Structure formats: structure tokens, C-alpha cells
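The values are calculated or read from the model by the stated rules, or taken from the named source; none is laboratory data. These numbers come from a predicted model, not from an experiment. Note that we place each Cβ from the backbone using ideal geometry, even for glycine, and neighbour counts take in every protein chain shown.
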């Protein structure tokens, strides 16, 4: 239940991905990111799809490299039976973190349009630095999947 008193209804909807990266679950997104109950399903689905496309674009080279190594689907390769299977499962976790954090960052500014009363203001949900924080979480996961460190320096 949110602070507004509105109960959170978890939406059992799957967003199909490209076959290589895992499909995404709206309810998993709601639970993991603790989203306000005031968000409409359409907003959640839209932000998830947008974030998924952005992250997939950022990870196009990673996908091509993995497919070149014979991995057609991370979900099929993931598991706990071998070190390699565990590594693929970890990649799925990182991928979902990248997408879910980016989707949350995109949806947080929308909260201000849901509630307009001054007494209902919630800076924890609306503060601009929250958006930057979740975008940073997303980008950190993308960089790990790309095999890069937290920062990169280049001479020009």
C-alpha cells in the first residue's frame, strides 16, 4: 500500500524482448523498484518498453559478441550448474537492473502529474537527483555487461 492509501495491484504482464535478452515482467518491475501505487499500468509498460529499447541499443555489441560465441539466448544459457551458466544468469540480473532502473528514472518525474496538492508532495519520489541516481544505477549495470569499469578516460 502506498502513502496515499491506495493498495498496489501487481500487474501480471510480460513484455516480450528480442529473443536474446530476457523478457521483462511488469510485476517484477513493480516489486523490485517499489513503484508508487498511483502509476497506471500503461505508464509502467511504456517506460519499461522505452528503457528496454534504450538498453538493448547500448548493449548491441555485447549481444553480437555473445551470439558470435554461440549463445542465442541468455535465458537458455543461464543456470547454476556450471560457472558459465551462472555467469549468464548474472548477466540477466545485470540486464534487468539496467532496464528496471532506467524505467524507474523515466517514470519518477511522472509522479508529479499524478498528485498536485502541496500536502501530497513527496520529494523522495520527485526530487531530480532521484532520476539521476537511477540512471546512474542503470548505466553502471550496462558498463559491467560491456566489460568496462565505472569510468573511462581517453586521450584525444
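For the stretch 100-115, the criterion of being at pLDDT 95 or above and more than 18 Å from the chain's Cα centre (by Cα) is satisfied by no residue at all. Residue 71 meets all of the listed conditions (1) within 14 Å of residue 105 (Cβ to Cβ); (2) in a loop (DSSP other than H, G, I, E, B) but one, namely (1). For the stretch 56-63, does any single residue satisfy the condition of being in a helix (DSSP H, G or I), surrounded by 12 or more Cβ atoms within 10 Å (Cβ to Cβ), modelled with pLDDT under 95 and in contact with a helix residue (DSSP H, G or I) (Cβ under 6 Å, 6 or more places away or on another chain)? Checked against the condition, which is being in a helix (DSSP H, G or I), surrounded by 12 or more Cβ atoms within 10 Å (Cβ to Cβ), modelled with pLDDT under 95 and in contact with a helix residue (DSSP H, G or I) (Cβ under 6 Å, 6 or more places away or on another chain), the stretch 56-63 yields no hits at all.
Please work out if residue 51 is touching a helix residue (DSSP H, G or I) at 6+ places or on another chain (Cβ under 6 Å), surrounded by 16 or more Cβ atoms within 10 Å (Cβ to Cβ), free of Cβ contacts under 8 Å to residues at least 60 places away in the same chain and under 20 Å from residue 144 (Cβ atoms). So residue 51 fails the test.
Only a single item in (1) at pLDDT 95 or above; (2) within 16 Å of residue 39 (Cα to Cα); (3) surrounded by fewer than 18 Cβ atoms within 10 Å (Cβ to Cβ) is not met by residue 92, and it is number (2).
A residue that is at pLDDT 85 or above, crowded, with 17+ Cβ neighbours inside 10 Å and not in a helix (DSSP H, G or I) cannot be found anywhere in the stretch 133-144. Candidates in the stretch 38-48 are the residues that are farther than 29 Å from residue 67 by Cβ and surrounded by 15 or more Cβ atoms within 10 Å (Cβ to Cβ); of these, the one that is farthest from the chain's Cα centre (by Cα) is 38.
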